[in-house]
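In what follows, a structure is listed as structure tokens, so that the remarks can point back to it.
The values are calculated or read from the model by the stated rules, or taken from the named source; none is laboratory data. This structure is a prediction, so every number in the text was calculated from the model and none was measured. Reconstructed Cβ throughout: ideal geometry from the backbone, glycine too, with neighbour counts over all protein chains shown.
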Amino acid sequence: KQEVTQIPAALSVPEGENLVLNCSFTDSAIYNLQWFRQDPGKGLTSLLLIQSSQREQTSGRLNASLDKSSGRSTLYIAASQPGDSATYLCAVRPGGGATNKLIFGTGTLLAVQP
Amino acid sequence: DVKVTQSSRYLVKRTGEKVFLECVQDMDHENMFWYRQDPGLGLRLIYFSYDVKMKEKGDIPEGYSVSREKKERFSLILESASTNQTSMYLCASSLWGRDEAFFGQGTRLTVV
């Protein structure tokens, strides 16, 4: 059974710092992996989607990497800003017949201090 | 931009009521999903639909049903609301099952 873990559960950094959020999954047979951002009481905003054949994706100050064989993904945020404060979730889409389903980690709560 | 719109941000219902949560997407996506999100449990899939009038159970379908009469609209129905269905409900859509998923703003349902 696929399980997704995000460590740490919470992170506080000063503004301007570069940071890395971690996501690990137990079954390397995935179709893709997606990173989301969630503000308090709100829905999820898609940040980056990495297909299983890709190693990384970039969007602005965000860079996501994927190492399928080791079951790991990282989200790198450069020059963090207070507006980056949110919960960050990763989700994997299993390979095989269950590709309609996203399996989520429980998230990392990020606080960027001004 | 893809837009997924949920009909209510907040709902308060009484135990035993029939509750409808509505979701509409504007990008002609084939697939639509309902998740619930609870502290410490993360997001769990309730139901999904890959075509009009087609549906499949997710991980926690008990106590819920769904309806997809039109491609753009996916409804979640709580036949008889119970307090353990108090949660944040999130609707999502994607063009195909394997594609990027887009979420609505969420509905915070409280059953009293």
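Looking for something among the charged types (D, E, K, R) and touching a strand residue (DSSP E or B) at 6+ places or on another chain (Cβ under 7 Å) - is there at least one such residue anywhere in segment A:72-86? Yes, some residue in segment A:72-86 is among the charged types (D, E, K, R) and touching a strand residue (DSSP E or B) at 6+ places or on another chain (Cβ under 7 Å). Summed over segment A:100-114, residues that are assigned to a loop (DSSP other than H, G, I, E, B) and either of a type in the set (Asp, Glu) or closer than 16 Å to residue A:87 by Cα (or both) total 3.
Table: residues versus (1) in contact with a Gly (Cβ under 6 Å, 6 or more places away or on another chain); (2) away from chain B (no Cβ under 14 Å); (3) not hydroxyl-bearing (Ser, Thr, Tyr).
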residue	(1), (2), (3)
A:76	no, yes, no
A:83	no, yes, yes
A:86	no, no, yes
A:93	no, no, yes
A:106	yes, no, no
A:109	no, no, yes
A:113	no, yes, yes
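Of everything in segment A:1-60, what is more than 14 Å from chain B (Cβ to nearest Cβ), farther than 11 Å from residue A:93 by Cα and either within 10 Å of the chain's Cα centre (by Cα) or not in a strand (DSSP E or B) (or both)? Give them in sequence order. Within segment A:1-60, A:8, A:15, A:16, A:17, A:18, A:20, A:21, A:22, A:24, A:26, A:55, A:60 qualify.
Do you know which of the residues in segment B:103-112 that are among the hydrophobic types (A, V, I, L, M, F, W, C) and touching a Lys or Arg at 6+ places or on another chain (Cβ under 8 Å) is nearest to the other protein chains (Cβ to nearest Cβ)? Lay out the reasoning, then the answer.
Filtering segment B:103-112 for residues among the hydrophobic types (A, V, I, L, M, F, W, C) gives B:103, B:109, B:111-112.
Of the ones still in play, those that are also touching a Lys or Arg at 6+ places or on another chain (Cβ under 8 Å) are B:109, B:111-112.
Values: B:109: 13, B:111: 18, B:112: 19 Å.
Result: B:109.
Restricting segment B:8-27 to residues that are of a type in the set (S, T, N, Q) and under 16 Å from residue B:81 (Cβ atoms) leaves a set whose member that is nearest to the other protein chains (Cβ to nearest Cβ) is B:8.
What about residue B:25, is it more than 11 Å from the chain's Cα centre (by Cα), crowded, with 16+ Cβ neighbours inside 10 Å and at pLDDT 95 or above? Show your work before the answer.
On the way: more than 11 Å from the chain's Cα centre (by Cα): yes; crowded, with 16+ Cβ neighbours inside 10 Å: yes; at pLDDT 95 or above: yes.
So residue B:25 passes the test.
The single residue among B:81, B:92 that is of a type outside the set (S, T, N, Q), more than 16 Å from residue A:104 (Cα to Cα) and touching a Leu at 6+ places or on another chain (Cβ under 9 Å) turns out to be B:81.
Scan segment B:1-27 for residues that are outside any strand (DSSP E or B) and more than 12 Å from residue B:102 (Cα to Cα) and report the count. I'd like the intermediate steps shown before the answer.
First pass over segment B:1-27, keeping only residues outside any strand (DSSP E or B): B:1-3, B:7-9, B:14-18, B:26-27.
Retained after the next criterion (residues that are more than 12 Å from residue B:102 (Cα to Cα)): B:7-9, B:14-18.
Within segment B:1-27, residues that are outside any strand (DSSP E or B) and more than 12 Å from residue B:102 (Cα to Cα) number 8.
Inside segment B:28-47, can you point out the residues that are assigned to a loop (DSSP other than H, G, I, E, B) and within 13 Å of chain A (Cβ to nearest Cβ)? Before the answer, list the steps.
Going through segment B:28-47, the residues assigned to a loop (DSSP other than H, G, I, E, B) turn out to be B:28-30, B:39-41.
Correct list: B:29, B:30, B:39, B:40, B:41.
Can you tell me which residue among A:48, A:44, A:62 is aliphatic (A, V, I, L, M), within 17 Å of residue B:44 (Cα to Cα) and surrounded by 12 or more Cβ atoms within 10 Å (Cβ to Cβ)? Going through A:48, A:44, A:62 in turn, just one is aliphatic (A, V, I, L, M), within 17 Å of residue B:44 (Cα to Cα) and surrounded by 12 or more Cβ atoms within 10 Å (Cβ to Cβ): A:44.
Taking the numbered list (1) more than 30 Å from residue B:51 (Cβ to Cβ); (2) free of Cβ contacts under 8 Å to residues at least 60 places away in the same chain in turn, residue A:42 passes all entries but (1).
Quick check on segment B:72-93. Is at least one of its residues within 10 Å of chain A (Cβ to nearest Cβ), more than 10 Å from the chain's Cα centre (by Cα) and not hydrophobic (A, V, I, L, M, F, W, C)? Looking through segment B:72-93, none of the residues is within 10 Å of chain A (Cβ to nearest Cβ), more than 10 Å from the chain's Cα centre (by Cα) and not hydrophobic (A, V, I, L, M, F, W, C).
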